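One structure is given here, and the rest of the page talks about it.
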Amino acid sequence: MTTATQLDQLDQNGTTLYIGQVDQPSGIVAPTYNLYEAKTRLSDLVDRAAAGEEIVIAKNGRPMARLGPVPTEKPNRSPGGWEGMVWIADDFDDPLAPDVQHLFDGDESGGVDP
């Protein structure tokens, strides 16, 4: 094995544990796989992620991506909720004044007849 191959293989010596980012709840530890091992075990890792496990994929020992489940349900939304916070003016769909309308029409004369 050459030195270049040895250096290339440094991050490929098994799984490690990765403690989550600052924005994650403390105490969550996700299994971390180096990129080479993740490529060879991708099918297994996808099955585990689909079952709800979060997996971190690292490159050269640095976490680069998270593999996790796709949400199965859309969030429960109910219509409304903006009543009293948003209003539409009574003249919303009235024609615009000529000096404003020309800006939308691309009229170079400024809306004024020569």
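Assorted remarks:
- Residue count, the range 40-77 (criterion: among the β-branched types (Val, Ile, Thr) and in contact with a Leu (Cβ under 9 Å, 6 or more places away or on another chain)): 4
- Subset of the range 13-37 (residues that are of a type in the set (Phe, Trp, Tyr), modelled with pLDDT of 50 or more and in a strand (DSSP E or B)): TYR33
- Members of the range 47-60 that are of a type outside the set (Lys, Arg) and surrounded by 13 or more Cβ atoms within 10 Å (Cβ to Cβ): ALA49, ALA50, GLU53, GLU54, ILE55, VAL56, ILE57, ALA58
- MET64 at pLDDT 90 or above and of a type in the set (A, V, I, L, M): yes
- Qualifying positions in the range 38-90 - touching a residue at least 40 places away in the same chain (Cβ under 8 Å) and in a strand (DSSP E or B): ALA58, LYS59, PRO63
The values are calculated or read from the model by the stated rules, or taken from the named source; none is laboratory data. Computed from a prediction, not measured in an experiment: that's the story for all the values here. Glycine also receives a Cβ, built like all others from the backbone with ideal geometry; neighbour counts cover every protein chain displayed.
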